[in-house]
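Structure, as structure tokens:
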Amino acid sequence: MAKQEDDFKKVISHAKEYGYVFQSSEIYDGLSAVYDYAQNGAELKKNIREYWWKAMVQLNDNIVGIDAAIFMHPTTWKASGHVDAFNDPLIDNKDSKKRYRADVLVEDHVAKIEAKIEKEVAKAAKRFGDKFDKEQFLATNQRVVDYQEQATAILKRLGRSLENEDLADVKKLIEELDIACPMSGSKNWTEVKQFNLMFGTKLGATADSAMDLYLRPETAQGIFVNFLNVQKTGRMKIPFGIAQTGKAFRNEIVARQFIFRMREFEQMEMQYFIKPGTQQEWYEKWKENRMKWHLSLGLGEDNYRFHDHEKLAHYADAAADIEFRFPFGFKELEGIHSRTDFDLSSHEKFSGKKLQYFDPETRESYVPYVLETSIGLDRMFLAVFSNSLVEEELENGSTRTVLKLPAVLAPTKAAILPLVKKDGLPEVAHEIIEDLKWDFNVTYDEKDAVGRRYRRQDANGTPFCITVDHQTLEDRTVTIRHRDSMEQERVSISSLKEIIHKAVDMKTWLMKMQKL
Ligand code: GAP
């Protein structure tokens with residue numbers, strides 16, 4: 001646990017030190033769970049967004065993208081169920097006065113049981129070496145089977161109690177599991193209460209005429225209310241999808257873990273409109289498709305897993321998370337939800353407008369079902385960033401900090417370094433920049449010895465360092481150093497564009513999805 005915390009602290013301080021993420025309004029001591037993306041962070045975030053947009057919109061001729069407003073008519077949130085049901089179950093510790101999400105306390109307890117399973121697996125893998133069969137071990141080792149049963153039973157009971165709004169049983173569960181306040185160790189708990197997560201605001205100049213609004217807690221509703229407009233103007237035929245990225249706001253009570261849980265965050269969501277009865281088939285397809293998108297980035301297959309929901313949101317008939325191994329353990333990164341016709345039917349009811357699709361083949365009208373994929377951009381940022389940050393032991397005994405970002409997402413693709421600040425080398429370096437900058441984000445660095453500059457770019461995640469030296473003046477060649485292998489090769493200036501392009505081209509990376 002201490003190592004996990006330590007690793008996570010390193011991630012947060014690296015993000016600050018290298019201009020990725022800053023605490024919001026830091027000069028006023030910051031605002032809790034609100035963050036700003038700095039010069040490198042904004043680029044990385046933009047690249048992740050583009051990687052998602054291309055995969056969803058550009059590569060699917062039946063998916064289009066929109067950009068709906070953050071403010072929506074307040075009835076939207078009545079219809080969507082958020083006014084009545086977008087609640088978190090909260091519990092206070094009477095001694096420490098700290099407030100927690102009751103379900104998170106239980107889930108964290110389960111995570112500890114799961115960590116014990118992982119420990120047993122690691123021990124056995126070491127003992128049995130090549131002969132180790134993980135599946136068999138998980139199914140037959142009595143201790144592991146017992147842990148697994150414990151974890152499943154706890155999650156089942158939590159899911160059932162939350163679904164039945166039986167908050168007294170959630171408290172009972174916390175007491176039975178002997179869960180203590182993580183801050184104080186006290187087990188002196190209040191009752192569990194529901195708390196709505198939406199931020200309210202007002203539209204209008206005077207107090208009398210002002211209209212109560214909410215900041216949207218998800219981008220999905222902007223898609224639902226535009227469903228018919230898009231379908232008609234785009235002449236879309238079912239199945240088809242509408243995608244969008246944008247800010248969402250939630251008054252998260254347990255807002256910790258850096259950009260994992262924020263009060264203002266960005267979502268990348270896609271609603272896929274389908275014929276009722278086909279939802280199971282599309283649910284499986286989109287689970288597979290989204291997992292391939294993740295795997296194409298090469299962060300490691302072992303770092304992902306599916307988690308099927310026991311407790312379903314008020315709108316869903318099936319739901320799964322893609323979980324990622326964050327520095328603090330496996331947690332939700334993306335949700336895939338089969339939302340039935342809940343949203344469109346409800347908007348029909350509340351608006352009095354028909355939101356139906358006319359099938360030209362069967363000549364029937366119906367309210368489509370919806371399959372949703374929803375990923376937090378900030379969470380994806382954290383997944384990529386934390387997974388990429390490594391400390392490497394080098395052969396000479398020294399260590400280097402390197403941010404092994406997938407090259408396609410790296411904010412800066414190449415740094416151009418004149419070996420010395422004289423003899424015309426800076427001029428050639430600038431010439432190279434003038435040529436490359438039309439295609440890639442590149443940077444110039446002449447300060448310090450070249451070794452230190454390499455380390456700086458490694459820590460910044462820059463995939464290539466291009467060094468201009470005296471030989472360059474003679475034969476128009478430079479050395480290009482690869483961030484991950486640290487290998488260097490001598491290449492002609494005229495080949496640089498092609499080398500960099502091969503490594504960072506989105507098409508090449510996205511095409512990996514087809515081979516998975
Ligand atoms: N439209 C469905 C929806 O909003 P959700 O599971 O509540 O579903 C989807 O959110 C995704 O949004 C999550 O998987 C997560 O990546 C991201 N997300 C949710 N709340 C967040 C928060 N407070 N901070 C950062 N990301 C968040």
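The values are calculated or read from the model by the stated rules, or taken from the named source; none is laboratory data. Predicted model only: the values in this text are computed from it and were never measured. Neighbour counts are summed over all protein chains in view; Cβ atoms, including those assigned to glycine, are modelled from backbone coordinates with ideal geometry. In case anyone asks, the SASA skips ligands and DNA or RNA and just uses the protein heavy atoms, side chains included. Shrake-Rupley method; radii C 1.70, N 1.55, O 1.52, S 1.80 Å.
Okay, here's what the table says:
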| read-out | value |
| --- | --- |
| HIS314 being in a strand (DSSP E or B) and over 14 Å from the mean Cα position of the chain (by Cα) | no |
| Which numbered condition ARG256 fails, given (1) at pLDDT 95 or above; (2) of a type in the set (D, E, K, R); (3) out of contact with any helix residue (DSSP H, G or I) (no Cβ under 9 Å at 6 or more places or on another chain) | (1) |
| Check on GLY397, open to solvent by 10 Å² or more (accessible area, probe 1.4 Å) and modelled with pLDDT under 95 | yes |
| Of all residues making up the stretch 120-148, the number that are of a type in the set (S, T, N, Q), surrounded by 15 or more Cβ atoms within 10 Å (Cβ to Cβ) and assigned to a helix (DSSP H, G or I) | 1 |
| Any pair with Cβ under 8 angstrom, 6 or more apart, that starts in the stretch 391-410 at a residue that is closer than 21 Å to GLY41 by Cβ and ends at one that is among the charged types (D, E, K, R) and in a loop (DSSP other than H, G, I, E, B) | VAL402/ARG483; VAL402/ASP484; LYS404/ARG483; LYS404/ASP484; ALA407/LYS413; VAL408/ASP505 |
| Failed item, numbered, when TYR283 is tested on (1) open to solvent by 30 Å² or more (accessible area, probe 1.4 Å); (2) under 23 Å from LYS156 (Cβ atoms); (3) among the hydroxyl-bearing types (Ser, Thr, Tyr) | (1) |
| Conditions (1) open to solvent by less than 60 Å² (accessible area, probe 1.4 Å); (2) away from the ligand (no atom under 15 Å from the Cβ); number of the one not met by TYR304 | (2) |
| Some residue of the stretch 321-338 being at pLDDT 95 or above, surrounded by 21 or more Cβ atoms within 10 Å (Cβ to Cβ) and assigned to a helix (DSSP H, G or I) | no |
| Strands (runs of 3 or more DSSP E) wholly inside the stretch 5-119 that include at least 1 residues being in contact with a Cys (Cβ under 8 Å, 6 or more places away or on another chain), touching a residue at least 40 places away in the same chain (Cβ under 8 Å) and in the same structural domain as HIS347 (by TED's automatic domain parsing) | none |
| Residue in the stretch 312-319 that is under 24 Å from ASN87 (Cβ atoms), open to solvent by less than 60 Å² (accessible area, probe 1.4 Å) and at pLDDT 95 or above present | yes |
| Given (1) open to solvent by less than 20 Å² (accessible area, probe 1.4 Å); (2) in the same structural domain as THR219 (by TED's automatic domain parsing); (3) not in a helix (DSSP H, G or I), number of the condition MET380 does not satisfy | (3) |
| Any hit, the stretch 341-355, residues being part of a loop (DSSP other than H, G, I, E, B), open to solvent by less than 30 Å² (accessible area, probe 1.4 Å) and in contact with an Asp or Glu (Cβ under 8 Å, 6 or more places away or on another chain) | yes |
| First in the stretch 313-337 and more than 9 Å from the ligand (Cβ to nearest atom), second anywhere and in a loop (DSSP other than H, G, I, E, B), Cβ under 7 Å, 6 or more apart | HIS314/GLY81; ALA320/HIS309; PHE328/GLN257 |
